[in-house]
Amino acid sequence: MSTVGKALELLELFTPARGQIGLSDLARLAGLNKATCFRLVSDLCAHGLVEQIAASRDYRLGPALLRLAALREALVPTRTAALPVLQALADATGETAHLSILEGGSLRSLARAYSAAHATRVTLEDVSILPFHATASGLAVLAFQDEVARAAVLAAPLPRLTPQTETDPATLRQRLEAVRRSGIASGTGGFDAEVESLAVPLFDALGRCSGGLAVAAMASRMTPAQQALIRAELIRAGRAITTLWGGTPPAAVSLAWQAAD
């Protein structure tokens, strides 16, 4: 492996749970001797990719990464980066794919893509905010928020949007627990009586759920075979968008997705 490759591998060792690493631990985790590790980390420090904390002498990610992340977002914004994957998902499933992002405590629609496979399809042009309790996207995202956020949503009024909308907090908690175990949410008729949806959560660089990805179809077309196809394609697309956003799914979600593949 090249020197550049070894240096970049050091950056991968920093995680939300391991934000600061001393030289000895860094060398051990990288499988390098301390002299080589010190030389590599010194080069990273010189370019601002890593910085040393004066008090502890540990290392942490440096400010240059913030500049690069801001530049990436300016050149390839969140929505723009996801659009090709979103359209590919719609094409692969023959149904409507849509992307949402968590913003200010609300789940906001960010983008949608349509398939030409059917004359009748689910349209979402007028939907700006997705209710957590009544949509597959909402359940997928809410399941991976902290307990304070979940409790606040479930304690608020939960409007019944269709006869099938679930509004009982206890039942919704059970559904959220099932989503946490499986890494995928489903809903039939909760937001639109004739629509069935499946959704997966999307994660950011700190492992936080920051949005959702869903496929919505007319319930009359949702056969077991179509459900299986959508699940597989959703997981594939969810991984891809999470990666494009610089994120990593939690280990439990990755395992659940692998088992569902």
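The values are calculated or read from the model by the stated rules, or taken from the named source; none is laboratory data. The structure presented is a predicted model; accordingly, all values stated were derived computationally and were not measured. Cβ coordinates were reconstructed from backbone atoms using ideal geometry, including for glycine residues, and neighbour counts include every protein chain displayed.
You will find that of ARG221, ARG236, the residue that is under 21 Å from SER100 (Cβ atoms) and charged (D, E, K, R) is ARG236 and no other.
The single condition among (1) in contact (Cβ under 8 Å) with a residue 60 or more places away in the chain; (2) of a type outside the set (Ser, Thr, Tyr); (3) touching a Phe, Trp or Tyr at 6+ places or on another chain (Cβ under 6 Å) that ARG181 does not satisfy is (3).
Looking at this structure, is PHE132 under 19 Å from ALA237 (Cα atoms) and assigned to a loop (DSSP other than H, G, I, E, B)? Taking the combined requirement at face value, the residue does not satisfy it.
Quick check on segment 13-35: of everything there that is without any contact (Cβ under 8 Å) to a residue 24 or more places away in the chain and part of a loop (DSSP other than H, G, I, E, B), which residue is farthest from ALA55 (Cα to Cα)? Once the filter is applied, the top-ranked residue is GLY31.
Rundown of residues vs (1) surrounded by 18 or more Cβ atoms within 10 Å (Cβ to Cβ); (2) of a type in the set (D, E, K, R), yes/no style:
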residue	(1), (2)
ARG160	no, yes
ALA170	no, no
LEU198	yes, no
SER220	no, no
THR223	no, no
TRP245	yes, no
PRO250	no, no
ALA259	no, no
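Which residue, of SER24, SER2, SER56, is at pLDDT 95 or above, exposed (fewer than 15 other Cβ atoms within 10 Å of the Cβ) and out of contact with any Cys (no Cβ under 6 Å at 6 or more places or on another chain)? Criteria check complete, one pass: SER24.
Residues checked against (1) outside the structural domain of THR248 (by TED's automatic domain parsing); (2) within 17 Å of the chain's Cα centre (by Cα):
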| site | (1), (2) |
| --- | --- |
| ARG18 | yes, no |
| CYS45 | yes, no |
| THR80 | no, yes |
| LEU86 | no, yes |
| GLY94 | no, no |
| SER100 | no, yes |
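Only residues that are surrounded by fewer than 17 Cβ atoms within 10 Å (Cβ to Cβ) and among the hydroxyl-bearing types (Ser, Thr, Tyr) were counted across segment 225-243, and they come to 1. Could you tell me whether segment 107-122 includes any residue that is surrounded by fewer than 18 Cβ atoms within 10 Å (Cβ to Cβ), over 20 Å from the mean Cα position of the chain (by Cα) and at pLDDT 95 or above? Looking for residues that are surrounded by fewer than 18 Cβ atoms within 10 Å (Cβ to Cβ), over 20 Å from the mean Cα position of the chain (by Cα) and at pLDDT 95 or above, one finds none in segment 107-122, hence no. Go through segment 234-261 and count every residue that is in contact with a Lys or Arg (Cβ under 9 Å, 6 or more places away or on another chain) and part of a loop (DSSP other than H, G, I, E, B). Looking only at that region, the number is 4. Take the conditions (1) surrounded by fewer than 18 Cβ atoms within 10 Å (Cβ to Cβ); (2) not in a helix (DSSP H, G or I); (3) not charged (D, E, K, R); ALA216 misses just one of them, which is (1). For segment 82-106, the set of residues classified as surrounded by fewer than 12 Cβ atoms within 10 Å (Cβ to Cβ) and either closer than 18 Å to ALA232 by Cα or touching a residue at least 24 places away in the same chain (Cβ under 8 Å) (or both) consists of GLY105 only. Number of residues in segment 40-81 that are hydroxyl-bearing (Ser, Thr, Tyr), assigned to a helix (DSSP H, G or I) and free of Cβ contacts under 8 Å to residues at least 40 places away in the same chain: the value is 2. Please indicate, with yes or no, whether at least one residue in segment 195-212 is hydroxyl-bearing (Ser, Thr, Tyr), touching a residue at least 60 places away in the same chain (Cβ under 8 Å) and over 30 Å from ARG18 (Cα atoms). Yes, that holds for at least one residue.
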